[in-house]
Amino acid sequence: MSLYDIPFRRMDGSETTLAGHAGDVVLVVNVASRCGLTPQYAALEQLQKDYSSRGFTVIGFPSNQFFQELGSNDKIAEFCSATYGVTFPVVDKVKLNGRNTHPLFEELKKSADAEGHTGRIRWNFEKFLVLPGGEVRRFDPRTVPDDPAIVKEIEAHLPR
């Protein structure tokens, strides 16, 4: 099964995959509403605004794995919209590590970041840039979404 075929749930409970984005650049981010890194939502939204017309999207995957996410999808959606004006998709909560890890994150975690780290998600806002064709670039949670390394990869893989 390809990365693009792994199902996940939208907040409304309907199922989807990344298949509709197979030719796009997708930034998959595990998000949380009550984390010191939560202000990264602003930069994620700016990337969405800057590049969505060229085949880019951010997809936020909330997780309470680090005990910093709100309890319901409705509260998460309201927080994202009211606090950061988020327009990119934020989907149903997932498990990132452990026995019940979501299959999409099992696959994404095989990719190494710049320091060679693979496996376990270390904290909220770990980023996975999925390039057209399914190649993945992984970024540390402290790497801000508009870091030049991320922006360079986005721009290199989008049509002009």
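Bear in mind these aren't lab numbers, they're just calculated from the coordinates by the rules spelled out. What you see is a predicted model, and the numbers here were worked out from it, not measured in a lab. Cβ sites come from the backbone with ideal geometry, for glycine too, and all protein chains shown count toward neighbours.
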Residue span Q46 to K110: 0.36 nm per residue of separation minus Cα-Cα distance leaves a gain in nm of 20.3 nm
Here D for the stretch 3-155, in µm²/s, from Stokes-Einstein with a Kirkwood Rh over Cα pairs at 4 °C and 1.567 mPa s, works out to 85
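Taking R0 as 22 Å, what's the FRET efficiency between L37 and T83 from their Cβ-Cβ distance, rounded to 0.05? Can you show the working numbers first?
Details: r = 14 Å, r/R0 = 0.63.
So, using R0 = 22 Å, E works out to roughly 0.95.
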For T17, placing the label point 7 angstrom along Cα-to-beta-carbon and taking the stretch 85-127, residues whose amide nitrogen sits under 15 Å are 103-105, 107
One finds the C-alpha centres of the stretch 1-41 and the stretch 90-111 to be spaced, in Å, by 10
Residue-ordered couplings for the stretch 108-117, obtained by feeding phi - 60° into the Karplus form 6.51 cos²θ - 1.76 cosθ + 1.60 and rounding to whole Hz (Gly and Pro as x), are 4, 5, 6, 7, 9, 8, 4, 8, x, 6
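Find the relative contact order for the stretch 1-116 and round it to a whole percent, using C-alpha pairs within less than 8 Å whose residues are 6+ positions apart.
Working: 156 pairs, mean separation 32.3, N = 116.
Averaging sequence separation for qualifying contacts and normalising by length gives 28 percent for the stretch 1-116.
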For R142 and L158, extending 7 Å from Cα along the Cα-Cβ vector and measuring point to point gives, in nm, a value of 2.8
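Can you list the GluC sites (Glu not before Pro) in the stretch 61-124 that are in a DSSP coil and have 14 or fewer other beta carbons within 10 angstrom?
Numbers: sites: E69, E78, E106, E107, E115; in loops: E69, E115.
Within the stretch 61-124, the qualifying GluC sites (Glu not before Pro) (loop, at most 14 other Cβ atoms within 10 Å) are E115.
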